[in-house]
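Engineer: Dropping a structure here in structure tokens format, bear with me for questions.
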Amino acid sequence: MKNYPKMCDTSLIQDGWEPKVGDWTDKGMVYTIEQVGRNLASYRLTNTVTMGKPYLKVQLTWLPTIEQLMGMIDTIKHSGGRYTAISMIGKIERWILHSRIYKPLELGVMKPRELWLAFVMHELHNLKWNGNIWWR
């Protein structure tokens, strides 16, 4: 799980975040959203260390769930329509085999959310994760 926040800490993911109650961040789960100024909101998080402490969006790293990552892929058109569950499974299976990412999966180095994030970044931005940064 330590790798996932680092993988998510990119403007390509963070700029698309529209915070909602229940979203997970590197500091805990958002449980309230409060308007601070005209265009600024603060977010209070559930976390034993930061309970109730307000944060601004720029102070947080959003950690999308698998469902949120799948929603990002759903915005891509596929053969004239949206991805179906079957076509998405086939596409991710081909990508895993082609990208040779199956070895880290077998070894348990890559977790499911990391796999989905890597797939999203490949599909949306043609980027790969090298263990430290996204690259082409």
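Engineer: I'd like to know if region 6-26 contains one or more residues that are small (Gly, Ala, Ser) and at pLDDT below 85. Lay out the reasoning, then the answer.
Structural biologist: Taking region 6-26 as the starting set, the residues that turn out to be small (Gly, Ala, Ser) are 11, 16, 22.
From what is left, the residues that are at pLDDT below 85 are none.
The answer is no, given that none of the residues of region 6-26 is small (Gly, Ala, Ser) and at pLDDT below 85.
Engineer: Looking at THR32, THR50, THR61, which one is of a type in the set (Ser, Thr, Tyr) and at pLDDT below 70? Reasoning before the result, please.
Structural biologist: Numbers: THR32 fails: at pLDDT below 70; THR61 fails: at pLDDT below 70.
When all the criteria are applied, what remains is THR50.
The values are calculated or read from the model by the stated rules, or taken from the named source; none is laboratory data. All of these numbers come straight from a predicted model, not from anything done at the bench.
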